[in-house]
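Following: one structure in structure tokens, then a few remarks.
Bear in mind these aren't lab numbers, they're just calculated from the coordinates by the rules spelled out. Every value quoted in this text rests on a predicted model; they were computed, and no experiment measured them. All Cβ positions, even for glycine, are placed from backbone atoms using ideal geometry, and neighbour counts span all protein chains on display.
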């Protein structure tokens with residue numbers, strides 16, 4: 001195929017953003033040929049905005065069965081990601097889903113099993129993986145230059161949201177509609193980067209504020225402590241209630257410390273192994289000699305359209321995906337473990353108990369007293385991710 005024919009399911013905040021760069025020709029090997037949305041207002045918007053060459057469908061099923069598309073981008077509310085992805089793959093379509101992979105690991109495992117049985121290309125919109133600073137940070141850690149990880153600290157509090165944001169959609173900030181708050185909406189990117197760079201922890205203890213800063217029922221403040229299989233530890237802090245915020249990832253290893261902040265990477269490189277120095281040094285108060293190195297991180301990355309280009313390349317040529325869809329479960333599992341820890345006021349092991357998490361989530365849904373109107377306002381996502 002000369003170009004991958006793409007259909008988008010859901011043209012709200014994120015779907016409309018994808019439609020714009022596709023119709024602008026910013027993905028040379030892909031073209032937008034169809035959209036589907038159950039909201040008549042969004043279909044009207046698509047007809048007015050995207051041009052006559054883009055077909056409009058009232059349901060995803062109609063678009064999937066139309067024969068007009070080769071591949072589908074799923075940009076619907078969170079709970080719908082796995083069932084729509086599974087259905088699209090069943091009908092022979094390639095799939096790219098928005099984050100998160102799903103709301104709970106049980107449904108995402110089912111989606112991953114369907115993907116493994118399919119020969120279709122299954123990607124996930126982890127656009128933060130395209131940024132050169134994140135790729136360089138991962139290379140420094142994964143290559144062993146830092147040595148064995150001892151501690152990780154990730155403070156990501158630049159996700160400030162006003163009450164009007166949460167009021168903009170009937171599904172937002174509800175257990176039944178969104179499945180969570182900052183962990184499920186804003187932080188899937190950060191949880192993915194954390195595990196992509198540092199590896200996945202094996203247990204979690206989390207302290208979470210539910211509606212701490214906003215009139216919502218879900219999480220808007222999280223402080224979590226994790227432990228890794230090698231004995232290393234980590235802390236993850238996030239919120240949508242602080243301004244100005246901080247975005248800082250610090251990783252300490254046996255050979256020093258690497259800090260990513262403001263798009264800049266600094267490596268404090270110990271001249272010798274810290275553990276070796278600790279064991280062999282006889283001078284009492286000394287510490288290893290350290291060199292401060294500013295690491296060239298390159299410039300930016302292509303974000304969403306970079307992931308879409310990569311997905312289309314994989315469809316056409318079989319090249320590797322930067323963000324395979326089956327990897328979405330890793331960050332989600334950490335989020336589920338954090339929420340389960342808060343609900344049970346206890347440590348939670350990873351892999352998380354899928355059935356227990358699903359049961360506890362359903363309890364939150366059943367206990368909800370939130371009443372919100374359906375529909376809502378489509379917001380610009382420019383500069384927010």
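Label sites at residue 285 and residue 153, each approximated as a point 7 angstrom past Cα along Cα to Cβ, lie 2.3 nm apart.
Compared with the dominant principal axis of the Cα atoms in the chain, helix 354-367 is inclined by about 60°. Please list log₁₀ I(q)/I(0) at q = 0.18 Å⁻¹ for region 197-285, using the Debye equation with identical point scatterers on the alpha-carbon positions. These q points yield log10 I(q)/I(0) values of -0.98.
What FRET efficiency comes out for the pair residue 225/residue 277, r = Cβ-Cβ distance, R0 = 30 Å, nearest 0.05? Between residue 225 and residue 277 the formula returns 0.65. Within region 35-173, the ratio Rg/Rh, alpha carbon atoms throughout and Rh by Kirkwood, equals 1.05. The ellipsoid equivalent to the alpha-carbon distribution of region 223-363 has semi-axes of 33, 27, 17 angstrom, derived from the gyration tensor eigenvalues as √(5λ) and listed largest first. With the convex hull of its Cα atoms as the shape, the chain has an orientation-averaged projected area of 20.1 nm².
Here the gap between residue 319 and residue 233, fully extended at 0.36 nm per residue and compared with their Cα-Cα distance, gives a gain of 27.4 nm. For region 158-253, the alpha-carbon radius of gyration amounts to 1.14 times the rule-of-thumb value 2.2 N^0.38 Å expected for a compact globular protein. Principal-axis analysis of the Cα atoms of the chain puts helix 13-23 at an angle of about 70° to the longest axis. Per residue, the convex hull spanned by the Cα atoms of region 191-230 measures out at 74 cubic angstrom. The order of 187, 312, going from fewest to most other C-beta atoms within 10 Å of their C-beta, is 312, 187. Please give the FRET efficiency for residue 268 paired with residue 65, using the beta carbon to beta carbon distance and R0 = 45 Å, rounded to the nearest 0.05. The calculated FRET efficiency here is 0.20.
Taking region 46-68 and a reference point 7 angstrom along Cα→Cβ of residue 90, the backbone N atoms nearer than 14 Å belong to 60-62, 64-65. Ranking of 136, 47, 117 by neighbouring Cβ atoms within 10 Å, starting from the fewest: 117, 47, 136.
Counted by neighbouring Cβ atoms within 10 Å, the residues 18, 78 run from fewest to most as 78, 18. Per residue, the chain reaches -10000 deg cm²/dmol at 222 nm when only DSSP H runs of four or more residues are counted, each adding -39500 (n - 2.57).
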